[in-house]
Amino acid sequence: MMSEPGFPAAHFLNRELSWLEFNARVLSEAFDERNRLLERLKFLSIFSTNLDEFYMVRVAGLRRQVSARVQQTPPDGLTAREQLDRIEVRVREMLEQSRHCLHELLLPALAERGLRLLSMADLAPAERLAMDAYFENQVYPVLTPLAVDPGHPFPYISNLSVSLAVELRDAERGTDHFARVKVPKSISRWVKVEGRPNHFVPLEQVIGAHLGTLFPGMQCIGSHTFRITRYSDLEIADSEEPEDLLAMIEEQVFQRRFGEVVRLEVQAGMPGPVRALLLEELRESEDPEFEPLTEREVHEPGQLLDLGDLMALAQLDLPELRDPPFVPMVPAEIRDGDRSIFDVIRERDLLVHHPFDSFTATVEQFIEAAARDDQTLAIKLTLYRTTGEGAIVRALTEAAQRGKQVAVLVELQARFEEANNITFARTLESFGVHVAYGLQGLKTHAKLALVVRREADGIRRYVHVATGNYNSKTARLYTDIGLFTCSQSIGADVSDLFNMLTGFSRQRVYRKLIVAPSGMRERFIQLIEREAAHALAGRPARIIGKMNALVDAETIEALYAASQAGVDIDLIVRGICCLRPQVEGLSDRIRVISVVGRFLEHSRLWYFANDGTPNFYIGSADWMPRNFDRRVECAAPVEDPQLHPRLMSLLETLLLDNRQAWELMPDGNYVQRQAFEAPELATHRAMLRESWGIMKDGATSRISGAREVSPVEAFG
C-alpha cells in the first residue's frame with residue numbers, strides 16, 4: 001500500500017521489522033529455561049525455518065523492488081533499501097543469539113541428558129569402522145561430486161540445500177581445484193552412532209571425512225558447508241488469464257527452483273578465498289537484472305547450517321525432555337453414540353476449539369458422516385492446506401463414489417503447498433470430485449464446508465466455518481476455532497459463496513457472512529466506528545480483536561479514531577502488528593499483546609461490545625490488505641448467546657496471560673510479561689487444564705466418549 005496523506009508515517013510500524021520481532025519472540029522461547037530442552041530445540045528449529053521463508057519471499061521481494069527502482073513505500077515510509085538495511089542489522093543480531101543458544105546452552109545441556117552431536121574425531125575406532133561401512137553402503141552411492149573448472153561450469157545449487165565446498169590439490173600437477181558436493185536430503189541429517197543411543201554425527205561431517213573416496217588421487221585441503229536461499233514466491237500477473245491454471249501453477253512451481261539467489265550462508269571459519277569464490281560464482285550465474293549478491297548477503301549461522309533440521313532431534317522419544325502429550329477432548333455434545341453429528345447441530349450450534357477439542361471427532365467426523373449418510377445430497381469444501389492422504393480427502397472420494405455431488409475448491413497458490421495441492425487435486429478429480437481452482441487474481445483462503453441433506457421437513461444445509469485449515473496435522477499444533485451451524489441465513493450465504501467460487505456468480509451482498517473482497521474491510525471499519533459512536537454517546541463500548549497480523553492502514557486509522565473516541569481496545573496479534581499502541585493522543589486506549597507458546601496461535605476472533613448486545617465473529621482473515629483485497633475470505637457471526645461465554649473466557653485468558661504474552665511498546669519493541677508475585681497464567685496450559693479437569697489426587701483425567709483416559713495413557 002502506498003503511504004497516503006492523512007496517514008502519517010510516524011503512526012505505523014514497519015511490517016517486515018515487526019515480523020522479525022515476532023521471530024525474535026520465537027527465538028526467546030529457545031532460551032527460556034521454563035521450557036523443556038527438546039521444546040527449546042524445537043523453537044530454535046522453527047526460528048530458522050521462519051527466517052528461511054522470510055528471505056525467500058519478503059527479503060527477495062524487497063530486493064526486486066530495489067532492482068526495479070520501485071518508488072512505492074509502505075505506510076511507515078521506509079523505502080525498500082532502508083528496510084533491507086534495517087533487516088540485515090537485526091538478522092545478524094538474531095543469528096548471533098541463535099549461535100549462542102545452540103552451541104553454548106542447548107547442546108551442552110542436552111549432552112548432560114544423553115543426547116549428543118559428535119564429530120567424526122569423537123568416534124572410537126570400532127565406531128569409526130561402522131561409520132565407514134554406513135558411508136560406503138548408504139551414502140556414497142547417492143553422492144555426485146561436481147568439479148568447478150573451465151570444463152565444468154559452476155553447478156546449479158538448489159534452494160536451501162546444504163553443500164560442501166571442497167578444496168583439492170593435484171599433487172602430481174601442483175594445481176589447486178574446487179568442487180561441490182551436495183548433502184542429500186534423502187538421507188537423515190543426523191547419523192546414528194552404533195552402540196550409543198541418541199548420539200549422532202551430522203551427515204555433512206560423515207561426507208567430509210570420506211572425501212578421499214570421492215576424489216581418489218587428490219589431496220583434500222579442506223571442506224566447508226554452505227547454503228543458498230532463492231526467491232521462491234509465485235509470479236502470476238493479474239493481467240494473465242491462463243486457459244489452464246493448473247498447468248500454469250505447475251510451470252511456476254518448476255521455475256521457482258531457478259529463482260535468483262538472495263542469501264548465502266557459510267559455515268563459520270570458511271576461508272576468505274573460498275567464501276569469495278562462492279560469492280563471485282553465484283553473482284556471475286545470476287540474471288544481471290536483479291540486485292547482485294554482495295558481502296552483506298553472506299551470513300554465518302555457525303558451525304551447523306539449516307537449523308530447521310533440528311526438528312528431527314526435537315521429536316526424539318525422550319519424554320522427560322518434551323512437553324507431556326495430551327489427548328484432545330471429545331465435546332460433550334457429540335459423545336452420545338446414538339445421535340448423529342447432524343442431530344447435534346440441528347438442535348444447537350456447536351463451537352469447537354482445536355487442538356483442545358478433537359479434530360478427528362468433530363471436523364473429520366462431520367465430513368465422514370456426510371459421505372456415508374444416505375440423506376446427503378452434496379458436499380462442498382475449500383482446501384487451502386491439507387494432508388492429501390488424510391481422512392477428509394478419503395471421505396470426499398468415498399462420497400463421490402457413492403454418487404453424491406462433491407465439489408472442492410483447491411487453492412493451487414497456497415504458498416509452498418502448490419505441488420502437494422496439485423497432486424491431491426488430480427487425485428480428487430480421478431474419483432469424480434468436481435475440483436475448481438478459484439477466481440483469477442484471488443487466493444481462496446476461506447475455511448468452509450457445506451453439507452446439503454434431504455430431511456423430513458425439506459432440504460437443510462449444515463455448515464462448518466473455521467479459522468484453520470482442513471489439516472489433521474496442524475490441527476494438533478495450531479489453535480483454531482470452528483463453528484458448526486444449520487442457520488438458514490448462514491447456509492444460504494455459504495451456498496452463494498461456493499457458487500461464486502465455482503461458477504460465474506458475482507455475489508457481493510451477504511446476509512450474515514462478512515466476505516472478502518466484497519467489502520470485508522468496510523464492514524469491519526463500520527463495526528469499529530459503531531463502537532466509537534457508542535463511546536461518544538456514553539454507552540458501553542469495547543473491542544477485542546485476535547488475529548495473526550494487523551497491517552491494513554485504513555483499519556489501523558479506524559482503531560486510532562475509536563481509541564480517541566473513548567473505546568477500550570485490546571488486540572491479541574501473534575505476529576506482525578503495524579499499529580503503535582499507547583501513544584498519547586493517538587492510541588492511549590489501545591493495548592497489544594502477542595502470545596507465543598506450545599501451540600501456534602492461529603485463530604481469528606473479534607468481539608464488539610455494541611452497547612450490551614455483543615457481536616462475536618470468527619474467520620479466516622487477518623486485517624491485512626492482501627486478505628481484504630486479494631483473497632476470498634469469510635468471517636461468520638457466532639449468534640448463539642450460550643456460546644459467547646466460552647469465547648469471552650478464551651479472550652480473557654489470553655489477555656491475563658503473564659507467561660506466554662508479550663506487550664507491544666509504542667516504539668515497536670516487545671516486553672515479555674512476568675508473573676512476579678501473581679500466580680503464573682499460561683494460556684495453553686490453562687486451556688489444557690480446562691479440557692481435562694482436575695482429579696482429587698491432583699492427577700488429570702477426563703472422559704472421552706464412553707472411555708476414561710488415564711493419566712498414564714495421556715502423559716506416557
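The values are calculated or read from the model by the stated rules, or taken from the named source; none is laboratory data. Source: prediction; values computed, not measured. A quick note on method: Cβ atoms are made from the backbone with ideal geometry, for glycine too, and the neighbour counts reach across all protein chains shown.
At a glance:
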| quantity | calculated |
| --- | --- |
| Tabulated pairs, the stretch 479-501, first assigned by TED's automatic domain parsing to the domain that holds Lys447 and of a type in the set (S, T, N, Q), second modelled with pLDDT of 95 or more and assigned to a helix (DSSP H, G or I), C-beta under 7 angstrom, 6+ apart or interchain | Thr485/Ile345 |
| Wholly within the stretch 620-679, strands (runs of 3 or more DSSP E) carrying at least 3 residues that are more than 15 Å from Lys546 (Cβ to Cβ) | 631-637, 670-672 |
| Residues that are at pLDDT below 50 and crowded, with 16+ Cβ neighbours inside 10 Å, drawn from the stretch 230-240 | Ile236 |
| Residues being of a type in the set (A, V, I, L, M), under 21 Å from Leu51 (Cβ atoms) and modelled with pLDDT under 90 - total across the stretch 241-292 | 1 |
| Qualifying residue in the stretch 397-408 (condition: part of a helix (DSSP H, G or I) and out of contact with any Gly (no Cβ under 9 Å at 6 or more places or on another chain)) | yes |
| From Glu29, Glu53, Glu33, Glu39, residue being more than 18 Å from Arg580 (Cβ to Cβ) and part of a loop (DSSP other than H, G, I, E, B) | Glu33 |
| Residues that are surrounded by fewer than 23 Cβ atoms within 10 Å (Cβ to Cβ) and among the small types (Gly, Ala, Ser), drawn from the stretch 446-494 | Ala456, Gly458, Ser472, Ser487, Ser489, Gly491, Ala492 |
| Residue match in the stretch 565-586 (condition: touching a helix residue (DSSP H, G or I) at 6+ places or on another chain (Cβ under 6 Å), without any contact (Cβ under 8 Å) to a residue 60 or more places away in the chain and of a type in the set (Gly, Ala, Ser)) | yes |
| Unmet criterion (only one of (1) over 28 Å from the mean Cα position of the chain (by Cα); (2) farther than 24 Å from Leu277 by Cα; (3) at pLDDT 95 or above) for His224 | (2) |
| Extreme residue, nearest to Leu51 (Cα to Cα), among residues of the stretch 293-315 that are within 22 Å of the chain's Cα centre (by Cα) and hydrophobic (A, V, I, L, M, F, W, C) | Leu307 |
| Residue within the stretch 70-78 that is of a type in the set (A, V, I, L, M) and buried (at least 16 other Cβ atoms within 10 Å of the Cβ) present | yes |
| Given (1) on the phi < 0 side of the Ramachandran plot; (2) in contact (Cβ under 8 Å) with a residue 12 or more places away in the chain, index of the condition Asp343 fails | (2) |
| Contacts under 7 angstrom Cβ, first residue in the stretch 68-93 being farther than 25 Å from His299 by Cβ, partner assigned to a helix (DSSP H, G or I) and at pLDDT 95 or above, 6 or more apart | Pro75/Ala553 |
| Subset of the stretch 19-45 (residues that are under 16 Å from Val91 (Cβ atoms) and under 16 Å from the mean Cα position of the chain (by Cα)) | Trp19, Leu20, Glu21, Phe22, Asn23, Ala24, Arg25, Val26, Leu27, Leu44 |
| Near pairs, Cβ below 9 angstrom, 6+ apart or cross-chain, from the stretch 272-291 (in the same structural domain as Glu167 (by TED's automatic domain parsing) and in contact (Cβ under 8 Å) with a residue 24 or more places away in the chain) to any residue that is among the hydroxyl-bearing types (Ser, Thr, Tyr) and loosely packed, with under 15 Cβ neighbours inside 10 Å | Ser285/Tyr156 |
| Hits in the stretch 554-572 - residues which are under 15 Å from Ile528 (Cβ atoms) and β-branched (Val, Ile, Thr) | Thr555, Ile556, Val567, Ile569 |
| Matching residues in the stretch 427-477 - criterion: being basic (Lys, Arg) and within 25 Å of the chain's Cα centre (by Cα) | Lys443, Lys447, Lys473, Arg476 |
| Candidates Ala561, Ala516 - the one that is within 23 Å of Glu411 (Cα to Cα) and touching a residue at least 12 places away in the same chain (Cβ under 8 Å) | Ala516 |
| Conditions (1) modelled with pLDDT under 95; (2) among the polar types (S, T, N, Q); (3) in contact with a helix residue (DSSP H, G or I) (Cβ under 8 Å, 6 or more places away or on another chain); (4) within 21 Å of Leu501 (Cβ to Cβ): number failed by Asn421 | (3) |
| For Phe628: the one exception among (1) crowded, with 20+ Cβ neighbours inside 10 Å; (2) touching a Phe, Trp or Tyr at 6+ places or on another chain (Cβ under 6 Å) | (2) |
| Residues satisfying the stated conditions in the stretch 109-127, i.e. more than 38 Å from the chain's Cα centre (by Cα) and surrounded by 15 or more Cβ atoms within 10 Å (Cβ to Cβ) | Leu123, Glu127 |
| Boolean, Thr73 is of a type in the set (Ser, Thr, Tyr) and part of a helix (DSSP H, G or I) | no |
| Of the criteria (1) over 18 Å from His602 (Cα atoms); (2) at pLDDT below 90; (3) of a type in the set (A, V, I, L, M, F, W, C), which one Ala414 fails | (1) |
| Selection count, the stretch 147-183, where residues are of a type in the set (A, V, I, L, M, F, W, C), within 17 Å of Leu214 (Cα to Cα), buried (at least 17 other Cβ atoms within 10 Å of the Cβ) and within 39 Å of the chain's Cα centre (by Cα) | 8 |
| Subset of the stretch 582-591 [under 27 Å from the mean Cα position of the chain (by Cα) and either at pLDDT below 95 or surrounded by fewer than 23 Cβ atoms within 10 Å (Cβ to Cβ) (or both)] | Arg591 |
